[in-house]
Structures are given as C-alpha cells and as structure tokens.
Amino acid sequence: MEAQDKLDNQEDDFRKFFDQERQKLIQSYHEKLHNQLQTQTELINERLKEEVIAQGVELQRRWIRDIKVRVEQERGGRLGKLEELASHLKRLERVALDNSSYLDENLRVHALWSAVRALSSSALVSQVRKPFREELRILRHITSAREDPVVMAALESLESSD
C-alpha cells in the first residue's frame, strides 16, 4: 500500500504540478491575449483618429470651397450691380451734358432775342427818335449773333447805311 500511496501522492503531485502549469499557461495566454487586444485596440483607435482627422480636413476643404463659391457669387452679384450703377451714372452724365448744352443754347437765344427786341423797340416802336448804335453794338457782341448769318447780314447792312 505504501507503493500505492506513493503512486497516489506522486499522481497528486503531478496533478497539482499539471494544474499549476496549466494555470500558468492559462494566465500567460490571458496576458498575451490581453496585450494583443490592447495593441489592436490602440492601433484601431489610432486609425480612427487618423480617419477622423482626415474627414475633418476634408470637411474643412469642402467648407472653404463652398465659402469661396458663395463669395464669388456674391462678388459677381455686387459687380453686376456696380456695372448697372455705372451705366446709369453714364446715362445721367449724358443727360446732364445734354441739358447743359440746351441751357447754354437757351441763354444764347435769349440774349440774342433780348438784343433784337431792344433794337426793334429802339428803332421801330419808340415814339422818340433817337440813335440805336448802343443796341447795335450789344447785338454785334453777342456770340450767337455772330454765328447767325442772317443777323450778321442785317448788322452789316445797317452799319454800311450809317
């Protein structure tokens, strides 16, 4: 029995040793799996961070591109309005210049008409007979009278009859 007890003890020792080694291997395997899992998790997290950063950069690029497009559209709209305002301003300048030339012409015609009326009044309508040389001199010096051939012919005729 002693041999049997020895064998049983030896078997128990082998079993304990086997269980201990098995526990060590299980523990070692768990640690190895834990380390691999942690390494994989870190790699996956790193990849996710890189992807998130890449997506963020891409979103920023798109956002900047969209803003540039909107700015260009806005600028084009403003430029169109500026061009429209510039054309209206040119038209207004043209009208002002035309109006100015009409006013100048009107002043010349009025001065000529006033001088002609004064001469007519002095020479033809006046009850008192008096010389009308002053009225002729004024009429001769009016610019629009110098440009009118009929008036110049009449003035030369009157001056020659003097």
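Computed from the coordinates by the stated procedures, all read-outs in this text should not be read as laboratory data. The model shown is predicted, which means the values in this text are computed figures rather than measured ones. Using ideal geometry, Cβ is built from the backbone for each residue, glycine included, and neighbour counts are taken over all protein chains shown.
In the chain, the longest principal axis of the Cα atoms and the axis of helix 2-120 are about 0 degrees apart. Over region 41-162, Cα pairs under 8 Å with separation of 6+ residues give a relative contact order of 15 percent. When we measure straight from the Cα of LYS32, which lysines land under 22 angstrom away, once same-chain ones fewer than 8 places off are left out? In chain and number order, the partners are LYS24. Label positions at TRP113 and ARG137, each projected 7 Å from the Cα along the C-beta direction, are separated by 2.7 nm.
The rule of thumb for compact globular proteins, 2.2 N^0.38 Å, goes into the C-alpha radius of gyration of the chain 3.79 times. By how many degrees, 0 to 90 and rounded to 10, does the Cα axis of helix 149-160 deviate from the longest principal axis of the chain? Between helix and principal axis, roughly 30 degrees.
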